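To start, the structure under review is shown below, and the notes come after it.
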Amino acid sequence: MTEASGTSTVAAVQLSSGSDPTRNVETAIELIREAADRGATYIQVPEYFNYLGPARNFSVVSETVPGPTTLRLGDLARELNVTIHVGSLLETSPDPSKCYNTSVLLGSDGRVKAFYRKVHLFDIAVPDEIVHQESDAIAAGHQAVVVALAHFRLGLSICFDVRFAELYRMLALDGAQVLAIPAAFNAATGRAHWDVLVRARAIENLAFVVAAAQVGTTAEGINTYGHSMIVGPWGDVIAESTASGPDVVIATIDVGDVVGRRTQIGVLDLRRPDVYDTKVVDGKPRASSD
């Protein structure tokens, strides 16, 4: 595997999307243009960027990939000569009762370079805080994705995935130097966990993280945390939004920092799969599959 190298300027676009796809896309395009004007060549927008509304309308909003929204943003990527990471949109699935929650990576030629369907769905019940069952309307994906860009290898994920460290370790082992975490992170859990989880994924894999997030409360009461972030491989927050509305955060990153840190602390090379594949329960060795 040839490692990507060099510096690049990356941007996390923060949005306050709602149930009007036209308005949401226009706002995203305006901020993508701002990010490009400020020198970003990789621009990420949040999860559910073009529709953050009631699940009853998912089937109306969903589309194929490529489809109308990705084709339009592909034209924009080609015009601006940038990579646009469509954090996620609703993709039509074979099951008419469910959609995929899908990230799409659009190259500077306007074409789809990769797509990732959210693997871990947001099914939680925190009394007096948030109860949500994403799997009622979303079909889970089944594949981890790493894609080579000009200056770095990018590992794809979406929002709730951030709680599953094993996914990110797999991405790092497959060469990811930058981890993407577009999100619509709930405000209640976000206050407690967002910063810690995003930084942890960077620290444990010695990778950059770009995390574009939704912020604010929709008309239907969907309450998101914001705090879009770009984090370095040492866990340092390079850029973060504290805005209560749409915003753009930008940083110039050098994946040489990833190579250097992984040389200093060999977390990928010093793993012990021979131990992870066995366990002792009540004093008795057992295979991990038991």
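Readers should treat all values here as calculations from the given coordinates under stated rules, not as data from a laboratory. Computed from a prediction, not measured in an experiment: that's the story for all the values here. Cβ placement follows ideal geometry from the backbone for every residue including glycine, while neighbour counts extend to all protein chains displayed.
Data table
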{"item": "The range 47-73, residues that are under 22 Å from P246 (Cβ atoms) and within 21 Å of the chain's Cα centre (by Cα)", "result": "E47, Y48, F49, N50, Y51, L52, G53, V61, T69, T70, R72, L73"}
{"item": "Filter result for the condition that a residue is surrounded by fewer than 17 Cβ atoms within 10 Å (Cβ to Cβ) and under 21 Å from E30 (Cα atoms), over T263, T242, T278, T218", "result": "T242"}
{"item": "Selection count where residues are in contact with a helix residue (DSSP H, G or I) (Cβ under 6 Å, 6 or more places away or on another chain) and either part of a loop (DSSP other than H, G, I, E, B) or more than 14 Å from Y42 (Cα to Cα) (or both), scope the range 90-107", "result": "2"}
{"item": "Residue in the range 157-170 that is out of contact with any Phe, Trp or Tyr (no Cβ under 9 Å at 6 or more places or on another chain), among the aliphatic types (A, V, I, L, M) and within 22 Å of A12 (Cα to Cα) present", "result": "yes"}
{"item": "Which numbered condition R72 misses (of (1) surrounded by 24 or more Cβ atoms within 10 Å (Cβ to Cβ); (2) assigned to a helix (DSSP H, G or I))", "result": "(1)"}
{"item": "Flag if D75 is closer than 25 Å to T9 by Cβ and among the acidic types (D, E)", "result": "yes"}
{"item": "Residue that is farthest from A140 (Cα to Cα), among those in the range 75-89 that are in a helix (DSSP H, G or I) and in contact (Cβ under 8 Å) with a residue 24 or more places away in the chain", "result": "L80"}
{"item": "Test: D37 is without any contact (Cβ under 8 Å) to a residue 60 or more places away in the chain, within 23 Å of T224 (Cβ to Cβ) and surrounded by fewer than 23 Cβ atoms within 10 Å (Cβ to Cβ)", "result": "no"}
{"item": "Identity of the residue in the range 178-193, aliphatic (A, V, I, L, M) and in contact (Cβ under 8 Å) with a residue 60 or more places away in the chain, that ends up nearest to I43 (Cα to Cα)", "result": "A180"}
{"item": "Count of the range 186-199 residues which are of a type in the set (F, W, Y) and over 19 Å from I238 (Cβ atoms)", "result": "0"}
{"item": "Condition check for L80: closer than 23 Å to A213 by Cβ, surrounded by fewer than 24 Cβ atoms within 10 Å (Cβ to Cβ) and touching an Asp or Glu at 6+ places or on another chain (Cβ under 7 Å)", "result": "no"}
{"item": "In the range 51-69, the residues that are within 14 Å of S88 (Cβ to Cβ), outside any strand (DSSP E or B) and free of Cβ contacts under 8 Å to residues at least 40 places away in the same chain", "result": "Y51, S62, G67"}
{"item": "Unique residue being closer than 25 Å to P54 by Cα and of a type in the set (D, E, K, R) when the list is D174, D161", "result": "D161"}
